[in-house]
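Here is the structure we will look at, set down as structure tokens.
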Amino acid sequence: MTIDLVTRREWGAKEPRGSYGRLTSTRGVKVHYTGGQVSPDIVGDHARCVAMVKSIQTHHMSGNGWMDIGYSMVACPHRKVFEGRGPGRLPAANGAGLNSGHYAVLGLVGSSGLIEPTDDILHAILDAVEYLRDRGGAGSEIKGHRDGYSTDCPGGPLYAWVRKGAPRPGGPATPEGQPTAFPGRILTYPPLMKGDDVRIWQRQMRKRGWNLDVDGLYGERSRQVCRDFQKEKRLPVTGAVDRATWEAAWREPVV
Ligand SMILES: [Zn+2]
Ligand SMILES: [Zn+2]
């Protein structure tokens, strides 16, 4: 999946006032909502998304006195991703002292009106996360603004999705050979874990040439294969199939 990016020029961003703090990597991404009213009408009209992002930038620059919009990227209901500060640049939306640890991605839902994120908003958030990983060295964490900061953000429904592990909507039942979405549960051992997600991962690893049984049980052998695979792909060697490790099993070339 390639990202459907709305560049700063395309959405008519104002020029930043000053220069950005630089970031070469982060632990991951924090997810945000607007905290205010979002008209459900934006779902039928992308021009309203554009107007909303522009007004957020104005509010951040004129109201908060920031040098630019505080978010790294903004995800809208049309599965489009607005370029905010973008990768490699320090965001401002996470709270003082918390911006170098995580990029900041806004989903266009609020505390009234459009409260529940649509599937396309969730897809767009994950498209933004992947983009920030590829271009900005974002780590594997996906957290909410309220993790480590006193706020309601990103609101109940969006935060519940974050807590589930931020799964792709519709996953993991995708056709043979297609990348299978991270199911949201991190596979670890001990104790022994079992389930369809284990079986799907084992089948994929077997397809890649690893010698392990597809028995749906994540035990010692699965953990060893996971560690060896993480070593090969230069991922943190944890023996736990987290999102980054899961996705690498489909994305990374077999060597
Ligand atoms: Zn927030
Ligand atoms: Zn839109």
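The values are calculated or read from the model by the stated rules, or taken from the named source; none is laboratory data. Just so we're clear, the structure is a prediction, and the values are computed from it rather than from any experiment. Positions of Cβ are backbone-derived with ideal geometry, glycine not excepted, and every protein chain shown enters the neighbour counts. SASA here: full protein model, heavy atoms, side chains in, ligands and nucleic acids out. Shrake-Rupley method; radii C 1.70, N 1.55, O 1.52, S 1.80 Å.
Under 5 Å from the amide H of Ala138 lie the amide H atoms of Thr26, Arg133, each residue being 5 or more positions distant or on a separate chain, with H modelled from the backbone and absent for Pro and chain starts. Couplings 3J(HN,Hα) for the stretch 210-222, derived from phi with the Karplus relation 6.51 cos²θ - 1.76 cosθ + 1.60 (θ = phi - 60°), are 7, 8, 8, 7, 8, 10, x, 10, 8, x, 4, 5, 4 Hz, where x marks Gly and Pro.
Taking amide hydrogens as placed 1.01 Å from N in the peptide plane, the amide H of Leu5 sits under 5 Å from those of Val81, each at least 5 positions away in sequence or on another chain. FRET efficiency for the Gln224 to Thr7 pair, using the beta carbon distance and R₀ = 41 Å, is estimated at 0.35. Dipole magnitude for the stretch 110-250: computed about the Cα centre from +1 point charges on Lys and Arg Cβ and -1 point charges on Asp and Glu Cβ, it is near 520 debye.
Please work out whether the stretch 5-163 counts as rounded, prolate or oblate from its C-alpha gyration tensor, where a ≥ b ≥ c are the square roots of the eigenvalues and a/c under 1.5 means rounded, while otherwise a/b larger than b/c means prolate and anything else oblate? Judged from the Cα gyration tensor, the stretch 5-163 comes out rounded (a/c under 1.5). The simple spin-label model puts a point 7 Å past each Cα toward its Cβ; for Ala248 and Glu116 those points are separated by 3.7 nm. Count the DSSP beta bridges whose two residues both fall in the stretch 5-163, then state the antiparallel fraction as a percent rounded to the nearest 5. Bridges in the stretch 5-163 are about 20 percent antiparallel. Computed per residue of the chain from DSSP H runs no shorter than four, each worth -39500 (n - 2.57), the mean residue ellipticity at 222 nm is -9000 deg cm²/dmol.
Per residue, the accessible area of the chain comes to 47 Å², computed with a 1.4 Å probe over protein heavy atoms only.
Close amide-amide hydrogen proximity is noted between His32 and Val105, Leu106, Gly107, each under 5 Å apart and 5 or more residues distant or on a separate chain (H modeled in the peptide plane; Pro and chain starts excluded). Rounded is the label for the stretch 168-255, because a/c, from the alpha-carbon gyration tensor with a ≥ b ≥ c as root eigenvalues, stays below 1.5.
Projecting each Cα onto the charge dipole of the stretch 5-163 (Lys/Arg +1, Asp/Glu -1 at the beta carbon, about the Cα centre), which of Gly137, Pro77, Trp11 comes out farthest on the positive side? The Cα lying farthest towards the positive end belongs to Gly137. Computed about its Cα centre, the charge dipole of the stretch 1-147 is approximately 580 debye, with only Lys, Arg, Asp and Glu carrying charge at their Cβ. Computed from point charges on the beta carbon alone (+1 for Lys and Arg, -1 for Asp and Glu), the dipole magnitude for the chain about its Cα centre is near 660 Debye.
Computed from phi, the 3J(HN,Hα) profile of the stretch 46-62 under the Karplus parametrisation 6.51, -1.76, 1.60 (θ = phi - 60°) reads 5, 4, 6, 4, 4, 4, 5, 5, 4, 5, 5, 4, 4, 4, 5, 7, 8 Hz, with x in place of Gly and Pro.
Could you check how much of the accessible area of the chain is carbon and sulfur, as a whole percent, using a 1.4 Å probe?
49 percent
If you count Lys pairs in the chain whose Cα atoms are under 20 Å apart, skipping same-chain pairs closer than 8 places in sequence, the total is 11.
The string of couplings for the stretch 241-255 from the Karplus curve (6.51, -1.76, 1.60, θ = phi - 60°) is 7, 8, 4, 4, 5, 4, 5, 4, 5, 9, 8, 6, x, 6, 10 Hz, one whole number per residue in order, with x for Gly and Pro.
Take the alpha carbon gyration tensor of the stretch 94-169, find the square roots of its eigenvalues, order them as a ≥ b ≥ c, and report rounded if a/c is under 1.5; if not, report prolate when a/b exceeds b/c, else oblate.
Judged from the Cα gyration tensor, the stretch 94-169 comes out oblate (a/c at least 1.5, b/c at or above a/b).
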